[in-house]
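Taking it in order: structure first as structure tokens, then the write-up.
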Amino acid sequence: MGFLDSYGDNSQQKQAYDQVVNAPHKAALSHELLAAAASYEAAKAYEDHEAKNGKPANHQVAKELIASFAGAFIDHIVETKGLDFVDKEEAKYKGASHPRLVLTCMY
């Protein structure tokens with residue numbers, strides 16, 4: 001079972017991801033929606049990274065990778081959709097929370 005399998009095609013995070021990615025420029029996106037989308041994107045990026053490089057050396061490295069992937073996605077969306085700093089920071093925190101929980105169960 002892959003890391004992304006924990007989300008499923010109809011998960012809240014996948015639906016949020018589709019909504020955020022397909023939103024028009026300057027869309028009004030809540031930090032909750034953005035965090036859920038970032039969570040899904042981080043899981044996708046983590047699976048891609050793991051496929052190319054193997055499993056991270058330890059759980060801490062895996063958590064740092066997840067936070068980085070979620071943060072990069074949020075920065076990209078904030079820059080292209082025009083969100084404010086508070087939404088950005090709250091979404092970064094929440095966006096890494098779910099994947100970290102899944103990682104904890106995996107390690």
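The values are calculated or read from the model by the stated rules, or taken from the named source; none is laboratory data. For clarity, every value in this text was computed on a predicted model and none was experimentally measured. Note that we place each Cβ from the backbone using ideal geometry, even for glycine, and neighbour counts take in every protein chain shown.
Can you work out which of the residues in the stretch 28-49 that are in contact with a Gly (Cβ under 6 Å, 6 or more places away or on another chain) and under 14 Å from residue 72 (Cα atoms) is modelled with the lowest pLDDT?
35
To keep it simple, each residue is scored yes or no on (1) within 17 Å of residue 104 (Cα to Cα); (2) buried (at least 20 other Cβ atoms within 10 Å of the Cβ); (3) at pLDDT below 80; (4) out of contact with any His (no Cβ under 6 Å at 6 or more places or on another chain).
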position: 22; (1), (2), (3), (4): no, no, no, yes
position: 26; (1), (2), (3), (4): no, no, yes, yes
position: 51; (1), (2), (3), (4): no, no, no, yes
position: 58; (1), (2), (3), (4): yes, no, no, yes
position: 70; (1), (2), (3), (4): yes, yes, no, yes
position: 77; (1), (2), (3), (4): no, yes, yes, yes
position: 82; (1), (2), (3), (4): no, no, yes, yes
